[in-house]
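Q: This structure is in structure tokens; I'll ask about it shortly.
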Amino acid sequence: MKDGLVQEKLTLQITGMTCSACAHRIEKSVEKMSGIDSIFVNLALEKAYIRLVPEEADVRQVLDRVHQLGFRAAVSEQNESGISSSSTVQLFRNRFLLSALFTLPLLWPMLHHFTWTSFLWVPEWLQIPWVQLLLAIPVQFIWGWPFLDGAYRSLKNGYANMDVLVTLGTLSAFGYSHYLVFHPPAGFHHGHSPLYFETSAMIISVIWLGKWMEAKARNHVRQSTEGWGGLLPSTVRRVREDCEELLEPHQIRKGEEVLIRSGEIVPVDGIVLEGSALIDESALTGESHSLEKQAGTKVSAGTRIIQGTLKVKVEQTGGQTLLGHIIRSFEETQSAKPAIQTKADKAAAWFVPIIIGLAAITFLYWFKLRTLGDAGIALKAAISVIISACPCAIGLATPLSVFIGSRRAAELGISFRSGKALEALSRTDTILFDKTGTVTMGVPMVTDISARALPTLEFLRLIASAEKECEHPIAGALVREAGRRGIVLTQAEYWTELPGYGVEAKLEGKFLLIGSKRLLLSRNVKGIQSGDADQWEAQGKTVLYVAVDGEWAGSSAITDSLRPGTTAAIRSLKKKGIQLSLITGDSYKAAAYTAKLCGFEHFQAGVLPNEKMEHVLQLQQQQRKIAMVGDGMNDAPAMAAAHIGISVRNATTAAKEAADVLLNREDSKALVDAFQISSMTVTNIRQNLGFAFVYNALLIPSAMLGHVEPWAAGSAMTLSSLTVVLNALRLKRILRRKLG
Ligand SMILES: Nc1ncnc2c1ncn2[C@@H]1O[C@H](COP(=O)(O)OP(=O)(O)OP(=O)(O)O)[C@@H](O)[C@H]1O
Ligand SMILES: [Cu+]
């Protein structure tokens, strides 16, 4: 990591990769270039995700380097969700068709080998060794070139891959036959010597056929999950001094006012100034029920007005909107390698040398023991071993599943920040929940105010003014209550948030403290009285204590409703065997009340922000895999320390930044959905890796015993790739069915 320099992200679209080896080759080579910080090539999406230092890196050179490696590359448009042209499909199709054209005449004479086809006519000249050699050369060296080239490069870099296996297999068949053309074995007439040109040509053709099918299937996966492009309107209606003006979305600035009518899509994130409307948020959250919005509530880009008209003050535009974040984090999920893939790649690196060893044993066994000196048959068996064991589906095993899983998640209002997060969530065994704003909606209401000396309205004016700029949900409640009562707030001379305690402020010459009892006690405030506080807390309310100039001035109670679906969510997470506990900065009684209401078995109250983090670290020392769900600044350190941090809808910026998973939906079922998606995706990945390894490995014994023809081995390799793609598509269906 190069510190202190600005980094930029660059995404390339790459055409022509056949195997994870190709992806590796690009990674290895580009990584070494100057100014490149990191690169990850996603084989399934055919994209390279690069982080670079703009002053040091040259994008042209990067493109040239990829070209030199034998692939086509172009800078990819941002925000386009991985849907590419079908150029790879065409490329592979052409390679297959042309190599098949030359392979078929080589296969024709084979008709004489089988009794049931031996009556068919075979042109005599097709059996002439020279003719066969001429047919085999282009297949081996033109359409087989990508494998030869790949094998050379990979061996040069000290590792062996699929290309090495294919090259070894085909070149040995070709080379041996070539030798026989010039040194026909005694006893064979012209035209009847056993050549193996068709073996190598057939392997190459079959592999291209497979790659073609596979590329088609990959394209299908990508295209079947439609893009986000159409989600935003192409024009926006700006209002200025009662004049309406149609503009393009990028011309709109923060603070401007826009008008949105029935049936239209909200173009920006903002706050409603006038009007009321029914809004469909399903594009963001996957939920189809509609919400009522009126002045003071927030609307998000991408949602649709079913009925009504809204005048909205713009708060965020373009990539800064919630929708923009969702799309970006989806892209990011595709851009890093999950841990499970790294492990598989390491295993694959061992696989290839082992296979070559087995092939050598096979050759010796047949040559020395079975056919006593017939190199042809021994060679064929060895080639079958090599080709059938090629683990080329490994590169596809994770990226397709991650793509489908995270895409479904995004549709349901869940953003995974990385493939790692998607994978790790399913391994969680303990979840810690913050209370205020996480288990509850975070839009609390002031229910009681009891001021000691000041008039109630004046008391409220002071505390709401002090809290005016604070992001804490409690602050919001006070400000809303003041607004409701028509109080005009003043600007504090100075204010600061004391996370976990409250707020201190200087206002109109007075020094104010607002927060927990603990805050007032720690500042030696005089004359604190409980008053109605005990009774309020027993009802699950949060009590605020207020001091003015070092003396207790009154208290207020605040209540918040639970997020919809919380109790059901808690129940189903418990059923999965996950330990759940509530961890809150609020008082013991308020915490006990909520814990009981939701069904938490454990809870901890009065926890300070750094204690939340310490608690997470302690649990982790017991080897627990912790997920921390939170919304506040006070949760951010704990979320960052946890195995997985999860932020909820309307969380503070700090919490969102610390999160690995973002829930953009209001209800708590989103959390259950996130778990389901994670575990189903991981299961799918495991199955894929199983197919990629085991399927081919099972063929090895048969191949060693000579039961597998080389071309059949080539198609087995393809079959395992296709199985992986189809299995990933199956994940899509399951996710749709189970999380409807
Ligand atoms: N901005 C604030 N204004 C008034 N009181 C506050 C403020 N921030 C914190 N407090 C007081 O400090 C206590 C602890 O706050 P903290 O933010 O740690 O947790 P919380 O919001 O109550 O609950 P949770 O930890 O479940 O989010 C609150 O219960 C409240 O009494
Ligand atoms: Cu392969």
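The values are calculated or read from the model by the stated rules, or taken from the named source; none is laboratory data. These figures come from a predicted structure and were not determined experimentally. So basically every Cβ, Gly included, is an ideal-geometry build from the backbone, and we count neighbours across all protein chains shown. Only protein heavy atoms, including side chains, enter the accessible area calculation; ligands, DNA and RNA are left aside. Shrake-Rupley method; radii C 1.70, N 1.55, O 1.52, S 1.80 Å.
Q: In nanometres, what is the gap between the two model label sites at residue 63 and residue 429, each 7 Å from Cα along Cα-to-Cβ?
A: 5.2 nm
Q: Now, a different point. Using only the alpha carbons of segment 445-559, what is the convex hull's orientation-averaged projected area in square nanometres?
A: That works out to 6.3 nm².
Q: With a 1.4 Å probe and every protein chain left in place, tell me how much accessible area residue 32 has, in Å² to the nearest 10.
A: It works out to around 150 Å².
Q: Relative to the longest principal axis of the C-alpha atoms of the chain, give the angle of the C-alpha long axis of helix 473-484, reported between 0 and 90° and rounded to the nearest 10°.
A: Approximately 50 degrees, to the nearest 10.
Q: Can you send over the carbon and sulfur percentage of the accessible area for the chain, probe radius 1.4 Å, protein chains only?
A: 57 percent
Q: Counting only protein chains, not ligands or nucleic acids, how are 241, 274, 601, 611 ordered by accessible area (probe 1.4 Å), most first?
A: 241, 601, 274, 611
Q: Here is a further query. Using the C-alpha gyration tensor of segment 8-75, what are the square roots of 5 times its eigenvalues, in whole angstrom, with the largest one first?
A: Sorted largest first and rounded, they come to 18, 11, 10 Å.
Q: For segment 232-320, what is the largest minus smallest coordinate of the Cα atoms on each principal axis, given in angstrom and ordered from greatest to least?
A: Sorted from largest, the Cα extents of segment 232-320 read 34, 26, 20 Å.
Q: Another one. Defining a contact as two alpha carbons under 8 Å apart and six or more residues distant in sequence, what relative contact order in percent does segment 620-740 show?
A: Value for segment 620-740: 16 percent.
Q: Here is a follow-up. Quick one: work out the % antiparallel among DSSP beta bridges in segment 544-678, nearest 5.
A: Beta bridges within segment 544-678, antiparallel portion: roughly 35 percent.
Q: Could I ask something else about it? Please list 3J(HN,Hα) in residue order for segment 487-493, calculated via the Karplus relation 6.51 cos²θ - 1.76 cosθ + 1.60 where θ = phi - 60°; whole Hz, with x for glycine and proline.
A: 8, 8, 8, 10, 8, 6, 5
Q: Starting from the amide H of residue 307, placed 1.01 Å from N in the peptide plane, find each other amide H under 5 Å away whose residue is 5 or more places distant or on another chain.
A: Residues meeting the criterion, in which the H sits 1.01 Å from N, are 263, 278.
Q: Express in whole angstrom the spacing between the alpha-carbon centres of segment 232-252 and segment 520-536.
A: 52 Å
Q: What are the principal axis extents of the Cα atoms in segment 352-397, in Å, biggest first?
A: In descending order, the Cα extents are 42, 15, 10 Å.
Q: Here's something else I'd like to know. Once ligands and nucleic acids are excluded and a 1.4 Å probe is used, how much of residue 593 is accessible, expressed in Å² to the nearest 10?
A: 100 Å²
Q: Distance between Cα centroids, segment 567-614 to segment 317-357: provide it in whole Å.
A: So the separation of the two Cα centres works out to 34 Å.
Q: Given a cut-off of 31 Å, name the pairs among 293/517; 435/575; 625/732 whose C-alpha atoms lie farther apart than that in the structure shown.
A: 293/517
Q: Same structure, new question: What's the extension gain from residue 371 to residue 343 if we count 0.36 nm per residue and subtract their Cα-Cα distance?
A: 6.0 nm
Q: Using only Cα atoms, find the angle between the long axis of helix 20-31 and the longest principal axis of the chain, and express it within 0 to 90 degrees, rounded to the nearest 10.
A: That helix lies at roughly 60 degrees to the long axis.
Q: Okay, next question. So how far apart, in nm, are the two label points at residue 450 and residue 261 if each is 7 Å from Cα heading toward Cβ?
A: Computed distance between label sites residue 450 and residue 261 equals 5.4 nm.
Q: Another question about this same structure. Pull up the DSSP beta bridges for the chain and report the antiparallel fraction as a percent, rounded to 5.
A: Antiparallel bridges make up about 80 percent of those DSSP assigns within the chain.
Q: In segment 684-709, which residues have a backbone nitrogen under 18 Å from the label point lying 7 Å from residue 578's Cα in the Cα-to-Cβ direction?
A: Of the residues in segment 684-709, 684 have backbone N under 18 Å from the label point off residue 578.
Q: Just to confirm a number: summing +1 for Lys and Arg and -1 for Asp and Glu over residues other than residue 705 whose beta-carbon lies under 15 angstrom from that of residue 705, what do you get?
A: For residues surrounding residue 705, the net value is +1.
Q: Apply the Karplus parameterisation 6.51 cos²θ - 1.76 cosθ + 1.60, with θ equal to phi minus 60°, to every residue of segment 596-603 and state each ³J(HN,Hα) to the nearest whole Hz, in sequence, with x for glycine and proline.
A: In residue order, the calculated couplings are 5, 4, 8, x, 6, 7, 10, 8 Hz.
Q: Shifting gears a bit: Suppose accessible area is computed on protein heavy atoms with a 1.4 Å probe; arrange 292, 709, 331 from highest to lowest.
A: 292, 709, 331
Q: Tally Lys/Arg at +1 and Asp/Glu at -1 over every other residue whose Cβ is under 9 Å from the Cβ of residue 157; what's the total?
A: Around residue 157, the charge tally is +4.
Q: At a Förster radius of 51 Å, what calculated FRET efficiency corresponds to the Cβ-Cβ distance of residue 157 and residue 126, to the nearest 0.05?
A: With R0 = 51 Å, the Cβ-Cβ based efficiency is 0.80.
Q: What angle, in degrees between 0 and 90 and rounded to the nearest 10, separates the Cα long axis of helix 710-738 from the longest principal axis of the Cα atoms of the chain?
A: So the helix axis and the longest Cα principal axis differ by about 20 degrees.
Q: Kindly report, to the nearest 10 Å², the accessible surface of residue 488 as traced by a 1.4 Å probe over protein heavy atoms only.
A: Its accessible surface works out to 110 Å², give or take rounding.
Q: Across segment 234-283, what fraction of all alpha-carbon pairs, as a whole percent, falls in each successive 5 Å bin from zero upward?
A: P(r) over segment 234-283, rounded to whole percents: 4, 18, 32, 27, 15, 3, 1.
Q: Which order do 27, 471, 245, 666 take by accessible area at a 1.4 Å probe, largest first?
A: Heavy-atom accessible area, descending, gives 471, 245, 666, 27.
Q: Taking the Cα centre of segment 445-559 as origin and charging only Cβ (+1 Lys, Arg; -1 Asp, Glu), how large is the dipole, in debye to the nearest 20?
A: 100 debye
Q: If you place +1 on the Cβ of every Lys and Arg and -1 on the Cβ of every Asp and Glu, how big does the dipole about the Cα centre of the chain come out, in debye to the nearest 20?
A: I would put it at about 1920 debye.
Q: Continuing with this model, one more query. Would you please state the base-10 log of I(q)/I(0) at q = 0.23, 0.25 1/Å for segment 533-605, with intensities from the Debye formula using one equal scatterer on every alpha carbon?
A: With no solvent term, the Cα-only Debye profile gives -1.02, -1.12.
Q: Taking the simple approach of a point 7 Å from Cα along Cα-to-Cβ for both residue 72 and residue 137, what is their distance in nm?
A: Here the modelled spin labels are 2.8 nm apart.
Q: At q = 0.05, 0.08, 0.09 Å⁻¹, what is the base-10 log of I(q)/I(0) for the chain according to the Debye formula with one equal point scatterer per Cα and no solvent? Please give it to two decimals.
A: Debye output, listed in q order: -0.36, -0.76, -0.89.
Q: Another one. So what is the calculated 222 nm ellipticity per residue for the chain, using -39500 (n - 2.57) for each DSSP H run with n of 4 or more, over all residues, to the nearest 500 deg cm²/dmol?
A: -14500 deg cm²/dmol
Q: Report the local net charge at residue 550: Lys and Arg +1, Asp and Glu -1, summed over other residues whose C-beta lies under 10 Å from its C-beta.
A: 0
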